[in-house]
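Visitor: Take a look at this one; I'll ask things after.
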Amino acid sequence: MGGTDTPSPADAAARATQGGINPGPIDRIIQPCRGTVDLEAAFADHWRTSITNAPIYIEDSERVVCNGDYMTEGLNAHGMTDGDGEVEPINTLGTFDYEEVMYGRVFAGLVGDPSGDAEADAGMDELGAALTTFRDRSIENLSEWVTAWEERGIMSIYDAKKRGVMNGLNAWWKGETEFWGGVSTFAIQQAERAQNWYNEYYENKSPMEQAMLDSPLAVGVLYADYTKWFYGTIADGVSSFFSDDESLADYIDTIMTALRDLASGTVDVMQKAIEALMDLPGDLAAGLKHAWETGQEWKERMVLIASETNAFEAVFHVLGAVFMNMTPNFWAEMIGVVEGFILPEIIITVILAVIAALSGGTLAPGLVARIAAFTTRLTAKAGKLATEAVDLASIQVARCLGVIVDIINAFRASIAALGKIGRGLHKTMGDMVEIAANGTARIVRPLNQYKLEYIGYQPGTLYSNPLAVVRIVRKSLRRQYLGATPSKYSKTGREVRERMRREGTLRTNPRTGKDEFLDENGTWRLVDSPNTHMGHHPVDAVDYWNNTGRYHGAKSSQVRDWMLDSSNYRFEYGPLNTSRGGATPSRYLPPATE
């Protein structure tokens with residue numbers, strides 16, 4: 001009665017045993033109906049930084065299995081926070097293992113929280129305003145030295161014509177101003193005059209005198225006249241005071257190159273700059289290495305901020321321009337030309353401040369403690385010099401040290417919003433891949449690896465035009481010009497849902513009770529899925545902007561009205577929407593109005 005296709009009990013048992021070892025195709029006898037899926041998430045950066053504590057979304061052929069109920073693994077899964085211990089040995093960060101799903105097609109990935117956009121945008125506004133204030137106050141604090149340099153150039157340095165030692169510092173400073181800008185034309189002209197004066201002064205010396213000038217010991221040592229210079233009584237003290245990090249002055253080119261690379265706002269370039277600084281000697285560089293070895297949260301935030309905004313371009317360009325307003329007479333008056341030159345320590349200190357602003361856990365207070373130790377040493381030395389002052393030079397050194405401490409503290413306060421920007425951007429991450437059951441969803445988040453020209457600053461105008469407001473913006477031109485797209489759950493999104501229902505392209509599935517829409521290929525898709533986007537239709541956003549919006553201005557009321565008008569949208573299947581957007585030849589044109 002069973003016919004030739006009916007297996008005997010023995011055959012069925014044999015097939016069941018074989019199926020337990022190798023399940024085979026879906027229609028195989030005794031085939032389980034469920035499998036599993038796990039997930040790995042990381043950025044496509046030089047460090048391959050894991051994406052931790054990100055909400056997960058999993059959808060199989062029958063249901064939404066997980067919608068933010070679980071997160072990718074973070075340090076907290078190991079009872080740790082940033083700064084508690086080395087991160088590298090933990091090779092499961094950014095993973096999720098595992099969830100049961102139905103056999104067949106599975107969508108898995110990270111689900112974004114749209115509220116993160118508002119948090120990030122608020123942080124960007126706060127950062128821009130704070131950097132503007134920091135820039136203006138710092139330049140005001142340095143204006144005395146800048147004005148003296150503009151008016152008198154090298155003669156503004158105490159006993160300058162006796163020394164003839166400005167060649168190295170002056171040439172270095174002039175070269176850096178060409179990159180950073182932010183210095184007045186008069187100050188740069190004085191640098192050129194100083195260079196010409198030194199060359200003439202040097203050439204008129206005898207060979208023996210030239211050799212003495214070329215020696216690093218020439219300052220305050222070889223000439224009897226030099227011993228009267230304040231270097232002998234003041235700069236020696238400052239130099240020995242920083243003896244732990246004194247050798248960093250030998251690495252000024254490496255450090256300034258790293259500062260330029262950080263100002264690029266390009267993820268991989270910034271990461272390699274940090275690696276270069278970690279290899280330097282001294283306690284401050286050791287603090288940077290400790291942050292890299294024990295930190296996770298700050299790395300993720302740095303990657304996101306650099307990829308999505310121009311925040312780091314602004315932070316480090318403002319900082320570099322402020323440093324350039326520390327004209328050669330500022331440094332020479334304080335601690336001589338080379339020995340005791342503490343700008344390298346200051347630069348690494350402010351980089352630690354940036355990492356502290358991005359960090360969580362115990363790392364942030366640890367970095368703040370290192371920064372405070374450095375500024376406390378400066379303050380104590382300034383106080384001692386002012387109290388025990390024997391001449392005008394001592395008082396000037398104390399004042400310069402005080403200005404440096406004020407700038408470091410003001411910078412720390414100005415970048416506090418970096419943490420808010422990073423948190424907001426982390427919330428918004430939404431990436432999805434399609435896999436089969438019993439597979440691994442590998443999320444490799446692409447990054448914007450390019451520099452966005454710093455808005456609110458033009459080289460050469462920082463000092464002469466300090467009223468320009470620093471603006472932190474998104475690197476996406478669409479976000480810059482049109483603003484955020486409303487979510488599916490906003491007033492606009494609800495209106496789209498009801499319009500499509502009336503049009504017959506949206507329905508409620510009677511079996512699941514979930515809303516579904518009909519995509520461009522005639523497939524019904526779940527509306528409440530990260531793979532469902534608010535797509536512009538019938539006019540693409542880029543075409544509206546180029547033909548109409550750009551004449552009203554970026555984020556103008558007319559542009560925002562268009563972006564919030566539900567008649568300009570329909571629900572679209574994410575991969576199709578993304579593919580269509582990538583295929584369009586249209587590119588965003590700049591605003592036609594200011």
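Visitor: Name the residues in the range 90-118 that are charged (D, E, K, R) and outside any loop (DSSP other than H, G, I, E, B), would you? Step through it out loud before you land on a result.
Guide: Keep residues of the range 90-118 that are charged (D, E, K, R), which gives 97, 99-100, 105, 113, 117.
Those that are charged (D, E, K, R) and outside any loop (DSSP other than H, G, I, E, B): Asp97, Glu99, Glu100, Arg105, Asp117.
Visitor: Within the range 85-106, track down each residue that is loosely packed, with under 15 Cβ neighbours inside 10 Å and either hydroxyl-bearing (Ser, Thr, Tyr) or in contact with a strand residue (DSSP E or B) (Cβ under 8 Å, 6 or more places away or on another chain) (or both).
Guide: Result: Thr92, Asp97, Tyr98, Glu100, Gly104, Arg105.
Visitor: Related question: From the residues in the range 69-84 that are more than 30 Å from Asn438 (Cβ to Cβ) and in contact with an Asp or Glu (Cβ under 9 Å, 6 or more places away or on another chain), which one is most open to solvent (accessible area, probe 1.4 Å)?
Guide: Thr81
Visitor: Among what's in the range 499-521 and is polar (S, T, N, Q) and at pLDDT 90 or above, pick the residue that is surrounded by the most Cβ atoms within 10 Å (Cβ to Cβ). Steps first, answer last, please.
Guide: Filtering the range 499-521 for residues polar (S, T, N, Q) gives 505, 508-509, 512, 521.
From the residues that got through so far, the ones that are at pLDDT 90 or above too are 505, 508-509.
Details: Thr505: 15, Thr508: 11, Asn509: 11.
Restricting to residues being polar (S, T, N, Q) and at pLDDT 90 or above, the top hit is Thr505.
One line per residue, one yes/no per condition, for (1) within 21 Å of Gly74 (Cβ to Cβ); (2) of a type in the set (S, T, N, Q):
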residue	(1), (2)
Asp253	no, no
Gly282	no, no
Leu288	no, no
Trp292	yes, no
Ala311	no, no
Ala321	no, no
Thr349	no, yes
Val354	no, no
Leu363	yes, no
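Visitor: Report yes if Gly535 is assigned to a helix (DSSP H, G or I), within 22 Å of Ser115 (Cβ to Cβ), modelled with pLDDT under 95 and open to solvent by less than 40 Å² (accessible area, probe 1.4 Å), otherwise no. It would help to see each step written out before you state the result.
Guide: Details: assigned to a helix (DSSP H, G or I): no; within 22 Å of Ser115 (Cβ to Cβ): yes; modelled with pLDDT under 95: yes; open to solvent by less than 40 Å² (accessible area, probe 1.4 Å): yes.
No: the conditions fail for Gly535.
Visitor: Can I ask one more? Of everything in the range 270-295 that's farther than 24 Å from Met80 by Cα, in contact with a Lys or Arg (Cβ under 9 Å, 6 or more places away or on another chain) and without any contact (Cβ under 8 Å) to a residue 60 or more places away in the chain, which residue is most open to solvent (accessible area, probe 1.4 Å)?
Guide: Here the answer is Asp279.
Visitor: Looking at Pro530 and the list (1) more than 21 Å from Gly109 (Cα to Cα); (2) touching a Gly at 6+ places or on another chain (Cβ under 8 Å), which single condition is not satisfied?
Guide: The single condition Pro530 does not satisfy is (1).
Visitor: Count, please, the residues in the range 473-498 that happen to be assigned to a helix (DSSP H, G or I), among the basic types (Lys, Arg) and open to solvent by less than 50 Å² (accessible area, probe 1.4 Å). If you could, list the steps in order and put the result at the bottom.
Guide: Let us first name the residues in the range 473-498 that are assigned to a helix (DSSP H, G or I), namely 477-482, 491-498.
Within this subset, residues satisfying the condition of being among the basic types (Lys, Arg) are 478-479, 491, 494, 497.
Subset that is open to solvent by less than 50 Å² (accessible area, probe 1.4 Å): 479, 497.
Residues in the range 473-498 being assigned to a helix (DSSP H, G or I), among the basic types (Lys, Arg) and open to solvent by less than 50 Å² (accessible area, probe 1.4 Å): 2 in total.
Visitor: If you don't mind, there's one more thing I want to ask. Looking only at helices (runs of 4 or more DSSP H) that lie completely in the range 323-404, which have at least 3 residues being buried (at least 23 other Cβ atoms within 10 Å of the Cβ) and either among the β-branched types (Val, Ile, Thr) or at pLDDT 90 or above (or both)? Break it down into steps so the answer makes sense when it comes.
Guide: Values: elements: 328-335, 343-358, 363-387.
Where helices (runs of 4 or more DSSP H) fall fully within the range 323-404 and carry at least 3 residues being buried (at least 23 other Cβ atoms within 10 Å of the Cβ) and either among the β-branched types (Val, Ile, Thr) or at pLDDT 90 or above (or both), they are 343-358.
Visitor: Can I ask one more? If a residue must be open to solvent by less than 60 Å² (accessible area, probe 1.4 Å), within 20 Å of the chain's Cα centre (by Cα) and modelled with pLDDT under 85, how many such residues does the range 432-471 contain?
Guide: Qualifying residue count for the region: 5.
Visitor: Taking the residues in the range 133-160 that are hydroxyl-bearing (Ser, Thr, Tyr) and modelled with pLDDT of 90 or more as candidates, determine which candidate is most open to solvent (accessible area, probe 1.4 Å).
Guide: In this case the residue turns out to be Thr133.
Visitor: Just to be sure, is Thr52 open to solvent by less than 40 Å² (accessible area, probe 1.4 Å) and more than 30 Å from Gly513 (Cβ to Cβ)?
Guide: Values: open to solvent by less than 40 Å² (accessible area, probe 1.4 Å): yes; more than 30 Å from Gly513 (Cβ to Cβ): yes.
Criteria met by Thr52.
The values are calculated or read from the model by the stated rules, or taken from the named source; none is laboratory data. Keep in mind that this is a model prediction, so the values were computed, not measured. Heads up, the Cβs are rebuilt from the backbone with ideal geometry, glycines too, and the neighbour counts pull from every protein chain shown. These accessible areas exclude ligands, DNA and RNA; they are computed on the full protein's heavy atoms, side chains included. Shrake-Rupley method; radii C 1.70, N 1.55, O 1.52, S 1.80 Å.
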